[in-house]
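Structure, as structure tokens:
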Amino acid sequence: MAKPIKTSLIGHQGRTFDVRYRQVGDDSFAFTASEDGTAKLWNIKARRCIATIKHGYTDEVLRSSFIGSPRILATCGADGLAHIWKPKDHPDG
């Protein structure tokens, strides 16, 4: 049985609306969506944000999702837009 992870990921400037978790080998990732208009990809083991998606939304980011692996991400916002992302600064990107 997996050991529960308990940590705080601090970085958004507003409420967090959605969090998705993905385990890849020994690494754990979270992808968050926020009212501050950003989505963030987090390395849970390192407890740091490894990518921030800022552009493309004029309002809140409502949902976040992994597509297959942490290298491909999807978001949708309150402005009605949905986006697929491959963060340039992701270590495996």
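Per-residue accessible area for D26 at 1.4 Å probe radius, Å² rounded to 10?
Around 130 Å² of this residue is reachable by solvent.
In nm, to one decimal, how far is the H83 label point from the T16 one, both placed 7 Å along Cα→Cβ?
Here the modelled spin labels are 2.0 nm apart.
Solvent-accessible area per residue for the chain at a 1.4 Å probe radius, Å²?
That works out to 63 Å² for each residue.
Put +1 on the Cβ of every Lys and Arg and -1 on every Asp and Glu Cβ in the chain; which of S8, G37, W85 then has its Cα farthest towards the positive end of the dipole?
Checking the options against the dipole of the chain, the answer is S8.
Which one of I44, I67, I53 has the biggest mean-square fluctuation once the chain is modelled by GNM with Cα springs under 10 Å?
I67
Could you give the dipole magnitude of the chain about its Cα centre, charging the beta-carbon of Lys and Arg +1 and that of Asp and Glu -1, in debye to the nearest 20?
It comes to approximately 380 debye.
Treating only the Cα positions of the chain as identical point scatterers, give the base-10 log of I(q)/I(0) from the Debye formula at each q in 0.11, 0.14, 0.15 Å⁻¹.
So the normalised log intensities are -0.28, -0.45, -0.52.
Tabulate in residue order the Karplus-calculated ³J(HN,Hα) for the stretch 13-29, using 6.51 cos²θ - 1.76 cosθ + 1.60 with θ = phi - 60°, rounded to whole Hz; enter x for Gly and Pro.
With coefficients 6.51, -1.76 and 1.60, one gets 9, x, 4, 9, 8, 8, 9, 10, 10, 9, 9, 10, x, 8, 9, 10, 10 Hz.
Please state the relative contact order of the chain as a whole percent: Cα pairs under 8 Å, 6+ residues apart?
Normalised by residue count, the contact order of the chain is 21 percent.
If you roll a 1.4 Å probe over the chain with all protein chains in place, what percent of the accessible area is carbon or sulfur?
Result for the chain: 50 percent of the exposed heavy-atom area is carbon or sulfur.
The values are calculated or read from the model by the stated rules, or taken from the named source; none is laboratory data. Note that this is a predicted model, so its numbers are computed, not measured. So basically every Cβ, Gly included, is an ideal-geometry build from the backbone, and we count neighbours across all protein chains shown. With ligands, DNA and RNA removed, areas are computed over all heavy atoms of the protein, side chains included. Shrake-Rupley method; radii C 1.70, N 1.55, O 1.52, S 1.80 Å.
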